[in-house]
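Chemist: One structure coming up, written as structure tokens, with questions to follow.
Please treat every number below as a calculation from the coordinates, not as lab data. Model, not experiment: these values are computed from the prediction. Ideal geometry is used to build each Cβ from the backbone, glycine not excepted, and the neighbour counts take in all protein chains shown.
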Ligand SMILES: Nc1ncnc2c1ncn2[C@@H]1O[C@H](COP(=O)(O)OP(=O)(O)OP(=O)(O)O)[C@@H](O)[C@H]1O
Ligand code: SF4
Ligand SMILES: [Mg+2]
């Protein structure tokens, strides 16, 4: 396991600066929450980390070395927001997971070994291994999101980035996914960058929180401290706006 | 497998339409002729009879003879093979070149990719015939030249289509996910992209084959296609037209052949495209009753909701046994199944429930806005003492236009993109309040100002895309304030907005409510928002109200197991971090498959035999709250038993979810 | 009750964005610049392609044109006259130079300047294309709109099926077959209308008809589909929530949006109409570019072919640019989208 570090990362699209000199660390075995409004650059930061967009400057390192974006091993994995578009509708969920298995590990070589590994992963996210041959269309949103988590775990990642993984889900299903995230973290000691616009959700899963506004990180620290005694005006504004804060 | 099954059904769907069937039969006929034509009629087609040249139709020669006395019908039938071979060759060239060019930008990426796609964009602007002429010059006059000409001329269109489709699929998260997982570009193209774009490509290739056939006849007609002594339909047509004054049938036979074959490809392609596209919700014609109103009196709805107390004087909106029915391919669905509630003057009523529970449809139904394929019925539907089940009339429209304000979920799409904001607001005044254009615009600016749009005068002249999301939503509220509303119906007005902006919109709604005693129906999937803004909350499940409870009592006094689970499932800023969140196993009920008995029974920890057999009615308690549950208020099993330590418990719950939909 | 009158973040962002841009950052300037650049590149591609055409032909084009029996000296003389013996880059420069000075070369067959040939033939083609375009739009837009309203969701399933099928069938029939059929019925059998040339006003009827029927069917179909789609849009629901009269909703709110989408596809159609004149002119012996290009291809009179391809191509490009510009005027968003 190793820590994920963003150092002075800047990402630009044309003339707009989406991420502006961001430095952030995801320490080993912790869940770091990243909150902020739409357009504040959260997803761009995540996509830069996994190599889906190219940062203009700065470094993103994993255990001191640049995050590898080529080759069979991808120690940084990502789970996407929309469970309905993150699984190939024509590929069985088992194949989707198998595709992400590292190809250079001895214990997942061979058809049988891969099938066993897929079964193990499905069980890990509380899905029946017999469903490996189902197409995504037969799964509910929450189940799909669990498959997406299993796929991310298949790559034996050291860090997982979760980008708004519950915001497309109904509240009744969101709870199950959040429970799973906490459980996996506790069992596997996973490090995670958990992106969400929902403060209550981040509070529930993350031990540290970073607040992002206009491409910059304006405040970062332990969850209890940042949410309990915010220092930046913007964090205070976010907290004040969170529903359920007013005495009714 | 499900998809195979679905595919078989869709094919059947295509082939059972008259058009699809005709096209398929024609296609088979063309295929048979291609194989057998020259075998069966080859000799008679070449039999020269100089005594009988340029004859008109007769029993021996149904379509007459040509200038060498050869039978035109036989020649037309024989020409099927060459015509089809050429068309198929041409479309193969077009598709192959198009696939290469279309996939290149994705594979190459970067500058090279952009160059290819720019080149395709330039080429696609030129019409096929022009390109065909160009290539006909380059490759020379004749069959090979024509194949290349028609093929290459079709390539840009296919390249563009492939490119668009590839770009669409490549933008999906599952492709990003595969990239993150370390799958290479070529592999992604082969495993994820091509399988997902195969259908539209094949359909378009089919239509393209028809186009190629017709293009060939065009080139041959110009004398640039197949040259004597070989002949295809175009060539026969060319010869036939020169003899049209003597024997029109000489042109008619090959002309018809080209047309029928071309039509076979086109109609078949179009039918398949339609059949495999987004399924359209249509039913038996007699179900397509359009009047929301007309049907109301006819059928007594079957809803079982208990009446709220006798309607009091200050009731703004009164709803009894509201139903919404849609026709589907297999019958009808009833996504709203007997809903009853009142909204009093100045009251804020929240509606919560999972996606698909019928919240939006209820809101649309009470505002007479359900799309026209749906039927709305109600025992009673009154707004400000007007019967909303009455047929449409100018007076009713004016009353609704000025007294009922609507706010919709997506501020990005709810304004007309081609009209200025000010005009869109002013329209209400010119239509219903008899104001002139300038006056109406003045009022619009005033209203925009009242919802705190800064610099309202200038903003009124802007287009919607120049507004931010929050401003648009405020402008939408301003539109409702053009009249003097008694009720604002807001369907997820803040779901698309950021939290800080959400708060401003909610505050604005609260202010309007306070200022003029305006009632509010606020739909949201967010229990916390509703609890904060509203006086009373209606909880909907599977098209029914299952609980009607005061907002203050939502967290503590809710009786229905669903309401209690919904409240407990949502983390809030004071949630106990040591406990797992409550979960609701299984999935929401599909309106097409509402079970007998309580719709929630499959997911309810309290469900028993009675629940599965009898639907509980919505009954009122002394404090005015209502609940529909046989076991209302009984203690729920402690959610703690469903933690990680107790895997078996979780798996058992999951097993519920695993039950496959029939 | 808290009444925050502080402007929101989004407001702040959008006002500062609205105030900042200099004149060259205005959307319409950027749009015009992008559009002009694309037109220039396209014209360059077109010119180069028409230049390349003569060099892509296998064998000696002059020998091909004059036939195998022509004396070698004559062939050589023509080659020199055409400049075919110069190195390619020099030829290319001469070609470009010629274009700027209005010199398109001389016909291999008639020895007339190509500019004169084109200039003499262009007006007839132009008249045909423009009239056919106006005719198809005049029929297709009202028809498509009406059918769109009649077949909007929940209505007119049978009407939709009948119309869609009819329009596919009509659009499948190639222009020249329609032409031939019209010639036969109105010219030969009934003898009501002239079937060749453009000497009288009546002579326009049949060519314009045969050129516009197919595109009208396609355009009507596009307009209908767009209309149906637009009538499902959220902002139509907003208009209904304003309780506007149906006519106002259809004509003021739906139609302009349907037309902007239809225009994109309609532009391509218009382009193909320019090319469609080739076939129709040949049916009606119309003294335009279309009949000239075909006879020139058959006679291997390449300079003429080259010039006419260039003219057609330019026509298509201008039409496309015009479509984009009118789109930008109708729908302000399209300027910001990749123009
Ligand atoms: N035009 C229609 N034809 C057929 N079924 C429809 C139609 N419109 C809506 N439905 C169905 O009615 C049900 C209720 O839809 P509705 O939009 O009211 O749900 P909702 O509670 O607002 O959900 P959400 O939270 O997703 O907005 C859904 O299952 C939906 O599929
Ligand atoms: S009626 Fe029965 S199944 Fe339905 S909610 Fe109540 S206890 Fe559960
Ligand atoms: Mg809804």
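Chemist: If you count, for every residue in A:234-241, the Cβ atoms of partner chains within 10 Å of its Cβ, what is the mean?
Modeler: 3
Chemist: What span do the alpha-carbon atoms of the stretch A:28-156 cover on each of the three principal axes, reported in whole Å from largest to smallest?
Modeler: So the three principal-axis extents are 45, 34, 28 Å.
Chemist: How many percent of the alpha carbon pairs in the stretch A:4-241 exceed a separation of 26 Å?
Modeler: 38
Chemist: Compute the acute angle (0 to 90°) between the alpha-carbon long axis of helix B:2-16 and the principal axis of greatest extent of the alpha-carbon atoms of chain B; round to the nearest 10°.
Modeler: Value to nearest ten degrees: 60.
Chemist: Now, a different point. In Å, what Kirkwood hydrodynamic radius results for the stretch B:588-637 from the alpha-carbon pair distances?
Modeler: It works out to 11.8 Å.
Chemist: Next up: Using only helices, what value at 222 nm comes out for chain A when you add -39,500 (n - 2.57) per DSSP H run of length 4 or more and divide by the total residues, to the nearest 500 deg cm²/dmol?
Modeler: Rounded to the nearest 500, the figure is -10000 deg cm²/dmol.
Chemist: Viscosity 1.567 mPa s, temperature 4 °C: what is the translational diffusion coefficient of the stretch A:118-248 from Stokes-Einstein with a Kirkwood Rh over Cα pairs, rounded to a whole number of µm²/s?
Modeler: 80
Chemist: Which value in Å does the Kirkwood hydrodynamic radius of the stretch C:20-151 take, with 1/r averaged over all unlike C-alpha pairs and then inverted?
Modeler: After inverting the pairwise mean of 1/r, the radius is 19.6 Å.
Chemist: Of B:148, B:84, how do they rank once you tally other Cβ atoms within 10 Å and put the fewest first?
Modeler: Final ranking by Cβ density, sparse to dense: B:148, B:84.
Chemist: What would the Debye equation give as log₁₀ I(q)/I(0) for the stretch C:211-303 at q = 0.11, 0.14, 0.22 Å⁻¹, counting only Cα atoms as equal point scatterers?
Modeler: The Debye formula, applied to the Cα set alone, gives -0.50, -0.64, -1.01.
Chemist: Another question, if that's okay. Ranking A:235, B:500, B:50 by Cβ neighbours within 10 Å, fewest first, what do you get?
Modeler: B:50, B:500, A:235
Chemist: Next up: Order these by the 10 Å Cβ neighbour count, fewest first: B:540, B:406, B:399.
Modeler: The fewest-first ordering by Cβ neighbours comes to B:399, B:540, B:406.
Chemist: Oh, and also: How far is helix B:194-221 tilted, in degrees, relative to the longest principal axis of the Cα atoms in chain B, given as a value from 0 to 90 rounded to the nearest 10?
Modeler: With both axes taken from Cα atoms, the answer is about 40 degrees.
Chemist: Shielding of B:128-136 by partners, i.e. mean partner chain Cβ atoms within 10 Å per residue?
Modeler: If you average over the peptide's residues, the count of other-chain Cβ atoms is 6.
Chemist: Right, another one. Taking beta carbons within 10 Å but only from partner chains, what does the mean come to for residues A:177-186?
Modeler: What the average comes to for A:177-186 is 3.
Chemist: Using only helices, what value at 222 nm comes out for chain B when you add -39,500 (n - 2.57) per DSSP H run of length 4 or more and divide by the total residues, to the nearest 500 deg cm²/dmol?
Modeler: -16000 deg cm²/dmol
Chemist: For a bin width of 5 Å, list the pair-distance distribution of the stretch B:2-277 built from all Cα-Cα distances, rounded to whole %.
Modeler: Each 5 Å bin holds this share of Cα pairs: 1, 6, 11, 14, 14, 14, 12, 10, 7, 5, 3, 2, 1, 1, 0, 0.
Chemist: By how many degrees, between 0 and 90 and to the nearest 10, does the Cα long axis of helix B:249-276 differ from the longest principal axis of chain B?
Modeler: 30
Chemist: Using bins 5 angstrom wide from zero, how does P(r) for the stretch B:93-220 break down, in % of all Cα pairs?
Modeler: P(r) for the stretch B:93-220, in whole percents per bin: 2, 11, 19, 20, 17, 12, 8, 5, 3, 1, 0.
Chemist: Place the peptides A:160-170, B:506-516, B:98-108 in order of packing, highest mean first, counting for every residue the other Cβ atoms within 10 Å and averaging per peptide.
Modeler: In descending order of packing, they fall as A:160-170, B:98-108, B:506-516.
Chemist: Give the Kirkwood hydrodynamic radius (Å, one decimal) of the protein assembly as shown, defined as one over the mean of 1/r across all pairs of different Cα atoms.
Modeler: Taking every pair of different Cα atoms in the protein assembly as shown, averaging 1/r and inverting gives 34.6 Å.
Chemist: Three principal axis extents, largest first, for the C-alpha atoms of the stretch B:477-526, in Å?
Modeler: 28, 18, 18
Chemist: Starting from a Cα-only point model with no solvent, please compute log10 I(q)/I(0) by Debye for the stretch B:411-485 at q = 0.13, 0.24, 0.26 1/Å.
Modeler: Scattering profile of the stretch B:411-485, log10 relative to I(0): -0.30, -1.06, -1.24.
Chemist: Hey, another quick one. Grab the eigenvalues of the alpha-carbon gyration tensor for chain C, scale each by 5, take roots, and send me the semi-axes largest first in whole angstrom.
Modeler: After scaling each eigenvalue by five and taking roots: 47, 32, 14 Å.
Chemist: Using label points projected 7 Å from each Cα along Cα→Cβ, tell me how many nm separate residue C:109 and residue B:49, to one decimal.
Modeler: 3.8
Chemist: Could I ask something else about it? Rounded to two decimals, what ratio of Rg to Rh does chain B give with C-alpha atoms and a Kirkwood Rh?
Modeler: Rg/Rh: 1.10.
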